[in-house]
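K.L.:
Before I ask anything, let me first share the structure, which is written out below as structure tokens.
The values are calculated or read from the model by the stated rules, or taken from the named source; none is laboratory data. As the structure is a prediction and not an experimental result, all values here were calculated from the model. Note that each Cβ is placed from the backbone with ideal geometry, even for glycine, and that neighbours are counted across all protein chains shown. Remember, those area values only see protein heavy atoms, side chains included, never the ligands or the DNA or RNA. Shrake-Rupley method; radii C 1.70, N 1.55, O 1.52, S 1.80 Å.
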Amino acid sequence: MSEPRLVEVRRNVLKQNDVIARSLREQFRAAGVFVVSLVSSPGSGKTTFLEKTLTQLQPRYRVAALVGDLATENDAVRLARSKAPVKQITTGTLCHLEAAMVQNALQGWDLHQLDFLFIENVGNLVCPSSYDLGENLRLVLMSVTEGEDKPLKYPTIFNSADVAVVTKNELSVAVEFDWNAARTSIQSVRPGMQIFRLSAKTGEGMEEYLEFLSQQLAEQRAVARV
Amino acid sequence: MHELSIAMGIVDAALEEAQRRGVQVSAVHLRLGALSGVVKDALMFSYEVACQDTPLEGSQLIVEDVAVIVFCSQCRETRTLPSVQLFQCPECGTPTMDVRQGKELEVFALEVREDPVEEHEVQESEVQE
């Protein structure tokens with residue numbers, strides 16, 4: 001038997017996903033739709049937050065959502081109350097969304113008819129970090145009930161995100177949430193990240209965040225026109 | 001846990017390269033960044049499972065950990081981060097998000113032997129682009 005030898009191959013394991021994500025990003029740009037993906041732990045209030053986002057953006061914008069969930073369609077049913085088009089991606093046992101699933105789910109949708117598309121990832125702060133979905137903005141959501149050091153426990157996903165939202169602010173007194181400590185841990189794993197503190201339930205702080213989204217859309221379209 | 005899908009991706013990539021070269025793989029060398037989002041132990045376990053019933057069965061996965069390297073705009077130097085929980089220059093303390101290394105998830109080399117031509121084996125010359 002011949003002697004073993006080493007051959008260099010240099011293959012990115014996630015190349016297939018990255019290629020699809022790039023093509024999605026190009027489609028989104030061409031259609032002028034701004035795409036936001038949401039990542040969070042299970043139970044952080046992602047669906048309520050998204051429902052309020054969809055409802056409050058709707059008077060001014062055309063919005064839609066894709067929702068990743070392991071087994072149920074409950075989230076899609078809840079989000080449908082916003083009257084926005086919503087499609088469920090049931091991932092089965094898979095703990096994250098991949099670009100190909102987004103591509104499949106978008107079949108039959110005319111992206112030109114949309115201003116915003118939201119992609120709610122499976123509730124999980126570990127696995128989704130590796131997969132680019134072609135989104136323009138990755139939003140990481142945490143609630144005050146989860147503790148101020150959540151970002152330090154999941155640095156990779158916080159580092160990969162563009163903006164952080166801290167929700168359930170109506171409970172912050174009850175759980176003695178230390179806002180400065182939370183801000184410090186977010187800035188530690190992701191320096192310069194913009195943070196929104198809000199309550200999806202009472203509506204407090206939502207306006208500032210929605211205004212931020214409007215600006216992002218306007219900026220993206222301005223760049224696309226150049 | 002998404003390490004099994006990652007492991008299957010590694011096996012697919014290694015098999016494709018091996019078939020193209022007409023070689024047998026005894027070990028796969030992987031570069032794994034500290035920011036790749038992949039847990040090494042879970043990946044090692046998943047790799048064995050992913051190799052089952054493939055020509056890679058019994059092969060080894062050799063993981064090279066890749067630390068996070070950032071560029072510090074203050075020092076104008078690249079620096080290795082001691083921890084992924086603190087994105088600041090370890091020398092001067094300036095926060096930085098200018099990541100130059102650490103997201104790798106790359107099959108970078110294969111330990112191979114030439115495929116022995118056995119009598120019962122029909123050599124197919126597959127042309128792969």
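K.L.:
Using the Karplus curve 6.51 cos²θ - 1.76 cosθ + 1.60 with θ = phi - 60°, what ³J(HN,Hα) values do you get for each residue of region A:17-22, in whole Hz, with x for Gly and Pro?
P.N.:
These are the phi-based 3J(HN,Hα) values: 5, 5, 5, 5, 4, 5 Hz.
K.L.:
Continuing with the same structure: Just check chain B against the gyration tensor rule for me: Cα atoms, a ≥ b ≥ c as the square roots of the eigenvalues, rounded for a/c under 1.5, and otherwise prolate or oblate depending on whether a/b exceeds b/c.
P.N.:
It is prolate, given that a/c is not under 1.5 and a/b is the larger ratio.
K.L.:
Also: How about region B:75-100: which of its residues lose at least 40 Å² of accessible area in the presence of all protein chains relative to their chain isolated, using a 1.4 Å probe?
P.N.:
SASA drop of 40 Å² or more in region B:75-100: B:Gln85, B:Phe87, B:Met97.
K.L.:
Using a 1.4 angstrom probe, figure out how much accessible area the protein assembly as shown has per residue, in square angstrom, rounded to the nearest whole.
P.N.:
Averaged over the residues of the protein assembly as shown, the accessible area is 49 Å².
K.L.:
Note down the net charge around A:Asn17, summing +1 for each Lys or Arg and -1 for each Asp or Glu among other residues with Cβ under 9 Å from its Cβ.
P.N.:
Local charge sum for A:Asn17: -2.
K.L.:
Can I ask one more? How large a share of the accessible area of chain A, in percent, is made up of carbon and sulfur atoms when the probe is 1.4 Å and the other protein chains stay in place?
P.N.:
50
K.L.:
Now, a different point. What list of ³J(HN,Hα) values in whole Hz, one per residue of region B:33-49 in order, does the Karplus curve 6.51 cos²θ - 1.76 cosθ + 1.60 (θ = phi - 60°) give from phi, with Gly and Pro shown as x?
P.N.:
x, 5, 9, 6, x, 10, 8, 4, 4, 5, 5, 4, 5, 5, 4, 4, 5
K.L.:
Taking a probe of 1.4 Å and counting only protein heavy atoms, give the total accessible area buried between chains B and A in Å², rounded to the nearest 100.
P.N.:
2900
K.L.:
On to the next question. Once neighbouring chains are kept in place and the probe is 1.4 Å, which whole percent of the accessible area of region B:2-113 is contributed by carbon and sulfur?
P.N.:
After summing per-atom areas, the C and S share lands at 46 percent.
K.L.:
Placing +1 at every Lys and Arg Cβ and -1 at every Asp and Glu Cβ, with all other atoms neutral, what dipole size does chain A have around its Cα centre, in debye to the nearest 20?
P.N.:
440
K.L.:
Taking a 27 Å limit on the Cα-Cα distance, which of the listed pairs A:Lys52/A:Lys87; A:Lys15/A:Lys83; A:Lys150/B:Lys40 fall beyond it?
P.N.:
Over 27 Å apart, Cα to Cα: A:Lys15/A:Lys83.
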